[in-house]
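The values are calculated or read from the model by the stated rules, or taken from the named source; none is laboratory data. Just so you know, these numbers come straight off a predicted model, no measurement behind them. We place every Cβ from the backbone using ideal geometry, glycine too, and count neighbours over all the protein chains shown. Heads up: the accessible areas ignore ligands, DNA and RNA and are worked out on the full protein's heavy atoms, side chains in. Shrake-Rupley method; radii C 1.70, N 1.55, O 1.52, S 1.80 Å.
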Amino acid sequence: SSETFWTTTGMFPQEFIIGFPKCVKISKVAIQCYLVRTLRIERSVSKDPVGFEQCVEKDLQHTEGQLQMEEFPLPDCQATYLRFIIESAFDHFVSVHRVMAEGT
């Protein structure tokens, strides 16, 4: 829902995990967020959310007063879980408004 979002509690790093019903092949992840400075995405192919390995880490551009919209190509990435780690931010609190994963 575009009416809802997830917000941090003020200290970093902060993380959230998205789980899929089974292992899927992901080609791209897109995120809409606000005031995120450094974001790392990790994946796990385990039945439980353990054994994560890094897919990508990126420093995002500061966009004053508007959402950051970032796409991360992840060719041949298989995952049961994706962990998003916000390493640092441009302010004490950040928000994540949408996460989209494309694949099969």
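Taking label points 7 Å from Cα along the Cα-to-Cβ direction, Glu87 and Cys23 give a separation of 2.8 nm. On segment 14-103, 47 percent of the accessible area sits on carbon and sulfur atoms, based on a 1.4 Å probe.
Calculated accessible area for the chain comes out at 60 Å² per residue, all protein chains present (probe 1.4 Å; ligands, DNA, RNA ignored).
This model, with +1 at the C-beta of Lys and Arg and -1 at the C-beta of Asp and Glu, gives the chain a dipole about its Cα centre of some 340 debye. In this simple spin-label model, placing a label point 7 Å from the Cα along the Cα-to-Cβ direction at both Glu102 and Glu15 gives a separation of 2.7 nm.
With contacts taken as Cα pairs under 8 Å and at least 6 residues apart, the chain reaches a relative contact order of 48 percent. Computed over protein heavy atoms with a 1.4 angstrom probe, the accessible surface ordering of His97, His62, largest first, is His62, His97.
Extents of segment 1-100, largest first, come to 37, 26, 24 Å (Cα atoms, principal axes, whole angstrom).
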